[in-house]
Protein chains: 2
Amino acid sequence: MIILCIDIGKTKTLAISLNEHGKVFGKFVAGPSGMWLKEEVIVKNVREAIEGCLRISNIQLNDVRLISISWADLDTPKDWENAWKVIEKVGIEKDKVLIEHDAVAAYYAITWGEPGVAVIGGTGSIAYGVNRYGERMRSSGWGWLIGDEGSAYWIAVRALNAVSRAHDGRGKETILSEMIMEYFGIKEELEILHKIYKELEGDPTEISKIAKIVDKAASLGDEVAVEILEEAGRELASAILCIVRKLNMANDRVIVGGLGGVFRSNIVRESFIKSIKENVSNAILRGPLIGDQAILGPVIIAFRRLGLTVSEKIVEAVLDGLGEKF
Amino acid sequence: MIILCIDIGKTKTLAISLNEHGKVFGKFVAGPSGMWLKEEVIVKNVREAIEGCLRISNIQLNDVRLISISWADLDTPKDWENAWKVIEKVGIEKDKVLIEHDAVAAYYAITWGEPGVAVIGGTGSIAYGVNRYGERMRSSGWGWLIGDEGSAYWIAVRALNAVSRAHDGRGKETILSEMIMEYFGIKEELEILHKIYKELEGDPTEISKIAKIVDKAASLGDEVAVEILEEAGRELASAILCIVRKLNMANDRVIVGGLGGVFRSNIVRESFIKSIKENVSNAILRGPLIGDQAILGPVIIAFRRLGLTVSEKIVEAVLDGLGEKF
């Protein structure tokens with residue numbers, strides 16, 4: 001049985017093909033297909049991801065039993081309508097397709113469908129959880145202007161603010177100033193304004209890239225950077241904890257974990273784990289899932305829909321097939 | 001002697017005509033002319049402000065000795081070039097015109113040109129100061145994404161974040177939730193996302209309007225709102241204090257004060273004053289200057305350029321002429 005899984009994110013569209021034993025036949029990456037892009041771009045990239053994956057796997061579309069998609073930014077009913085319109089234009093049978101919000105897919109990737117909560121720490125941040133009664137709840141994910149605490153964007157903006165405060169003498173000195181100026185190829189802190197507002201036009205995806213610099217500064221011992229990353233970890237944990245509380249899961253077996261590039265940072269990861277352990281003593285931690293591993297979400301959703309058992313062995317096979325370790 | 005003064009802001013362009021005694025002959029308000037607008041819009045609004053003011057004052061352009069302009073968002077050399085291009089297109093002699101960055105004009109409005117520091121707390125925030133040696137420095141004003149601490153935008157975003165945290169159970173309950181939902185005409189917190197990102201497209205000027213709601217909530221005793229406004233006051237003071245420190249003014253006679261709509265809030269004002277008094281015991285507080293009173297900046301700049309003395313009497317006459325009290 002062949003299953004096609006697609007993870008549609010802010011920076012790329014990843015497709016893999018696999019069978020019911022978790023054996024991955026092929027993996028293909030196309031450009032982003034998030035809902036804020038033009039429809040023709042989305043259609044093109046989704047089609048490219050599917051066709052590329054089938055070609056590499058040496059499989060025909062007819063051989064595919066189910067296409068399971070995790071889609072970023074599917075927030076409004078209008079977004080869902082557009083998503084289905086894209087599927088139609090790509091020319092695949094709707095009956096064969098499952099679509100889920102990326103936060104829901106993240107939940108499946110971490111918990112395999114058992115009671116628990118997952119948080120995404122990518123460009124943005126959002127948490128989603130389900131308890132044993134099937135009650136579900138999301139938290140965080142209020143976007144780059146209002147929320148997304150602990151995300152790469154949030155870390156980047158805190159770092160830029162720290163640089164501004166250090167420059168003005170309103171805050172602690174930090175090597176972030178030097179490092180961010182070097183990143184932008186400028187010699188004066190105030191030139192950051194031109195970079196951020198005029199050149200990057202405030203683009204959250206571009207600004208988010210500064211988060212990597214923060215992790216580097218922290219590994220060099222910069223206190224300001226360490227503080228930002230530790231707070232990011234606490235914020236990501238907090239997004240999980242409020243769901244555990246509100247869905248009354250504190251005394252249950254509850255599987256929790258994080259996904260996304262922010263968890264590459266040791267400091268974020270440790271601060272996140274510490275905060276989870278301090279607050280939910282019975283939490284079973286899984287992950288973090290980083291990079292292509294998020295595709296595990298649509299994989300698990302597909303397995304459940306098809307009545308297939310998800311085991312550690314299968315998950316390991318999928319992650320091995322991606323060339324990424326759990 | 002007739003002087004024309006213009007205050008170009010993010011929401012409007014205000015022009016007044018006055019004489020060397022501070023007698024105001026006319027006042028006219030046109031649309032905004034900030035540098036982020038299209039050139040033809042800026043030219044139209046600046047021209048409209050000047051022509052409207054002259055008409056109301058029953059004065060000819062030839063009668064005007066000096067045109068003194070305070071201009072928002074004049075940050076880069078390119079902005080300055082554009083500003084002079086606008087003057088040319090409006091068709092007024094460049095020799096007759098003085099242009100200043102609005103932070104510099106704010107400094108003159110508060111200090112009348114003596115050693116001191118002023119901070120603008122409007123849609124954005126920025127401080128500017130000069131010591132007795134003529135050394136000058138700005139602080140804050142890093143824009144809505146990175147900084148602008150204590151501004152109306154900053155207050156609004158903090159309020160939206162507080163609503164998101166309360167909704168998720170990550171933060172204290174607050175009546176801001178109810179009040180902001182009422183403001184937007186929605187029934188569910190998450191609908192705020194649609195309002196902010198889709199309808200308002202993240203427009204800082206529109207989002208800033210929420211600051212008024214925060215002040216109302218605080219006056220009703222909402223703790224979350226009170227905390228946000230108190231912190232805004234401290235942040236605005238902090239922007240002044242770092243200049244006082246860096247320019248070694250702590251032991252001098254130093255005139256400080258704030259301008260802008262944020263200072264309408266009693267809580268912001270009191271928190272600001274408290275923080276200033278605690279940190280610079282010898283500070284002489286002036287203002288706050290609110291609404292049209294910011295036009296005092298270009299007025300004082302014009303008076304100094306023309307070698308005219310600025311006295312309390314003259315300042316009072318100007319503010320009386322505006323229909324606003326100091």
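Annotations
- Checking A:W144 against (1) within 11 Å of chain B (Cβ to nearest Cβ); (2) open to solvent by less than 30 Å² (accessible area, probe 1.4 Å); (3) farther than 30 Å from B:N248 by Cα, the condition it does not meet: (2)
- Output for the range A:113-154, where each listed residue is closer than 17 Å to B:I196 by Cβ and of a type in the set (S, T, Y): A:S125, A:S140, A:S151, A:Y153
- Flag for A:G129 being in contact (Cβ under 8 Å) with a residue 60 or more places away in the chain, within 15 Å of A:L241 (Cβ to Cβ) and not β-branched (V, I, T): yes
- When the residues of the range A:78-120 are filtered to those that are outside any helix (DSSP H, G or I) and within 17 Å of A:G34 (Cβ to Cβ), the one that is farthest from the chain's Cα centre (by Cα) is A:I99.
- Single unsatisfied condition, B:Y197 versus (1) among the aromatic types (F, W, Y); (2) more than 14 Å from chain A (Cβ to nearest Cβ); (3) open to solvent by less than 80 Å² (accessible area, probe 1.4 Å): (2)
- Scanning the range A:182-213 for residues that are of a type in the set (S, T, Y) and more than 22 Å from A:L145 (Cβ to Cβ) yields one hit, A:Y183.
- Residues within the range A:253-272 that are among the small types (G, A, S), over 22 Å from A:E223 (Cβ atoms) and buried (at least 24 other Cβ atoms within 10 Å of the Cβ), tallied: 3
- Matching option when the condition is in contact with an Asp or Glu (Cβ under 6 Å, 6 or more places away or on another chain) and not charged (D, E, K, R), among B:I146, B:I175: B:I175
- The C-beta contact set for the range A:248-272 (first residue among the aromatic types (F, W, Y), second residue open to solvent by 10 Å² or more (accessible area, probe 1.4 Å), distance under 7 angstrom, 6+ apart or interchain) comprises A:F263/A:R269; A:F263/A:P288; A:F263/A:I290.
- One residue from B:A239, B:A211 being at pLDDT 95 or above, open to solvent by less than 40 Å² (accessible area, probe 1.4 Å) and within 12 Å of chain A (Cβ to nearest Cβ): B:A239
- Only one of the listed residues (A:E39, A:E20, A:E51) is of a type in the set (D, E) and more than 29 Å from A:K313 (Cα to Cα). That residue is A:E39.
- Counting the residues of the range B:147-181 that are acidic (D, E), within 8 Å of another protein chain (Cβ to nearest Cβ) and open to solvent by 10 Å² or more (accessible area, probe 1.4 Å) gives 0.
- Against the list (1) surrounded by fewer than 18 Cβ atoms within 10 Å (Cβ to Cβ); (2) within 10 Å of chain B (Cβ to nearest Cβ), the condition A:F184 fails is (2).
The values are calculated or read from the model by the stated rules, or taken from the named source; none is laboratory data. The shown structure was predicted, so the numbers you read here are calculated from the model rather than taken from an experiment. Glycine also receives a Cβ, built like all others from the backbone with ideal geometry; neighbour counts cover every protein chain displayed. Accessible surface areas use protein heavy atoms only, side chains included; no ligands, DNA or RNA. Shrake-Rupley method; radii C 1.70, N 1.55, O 1.52, S 1.80 Å.
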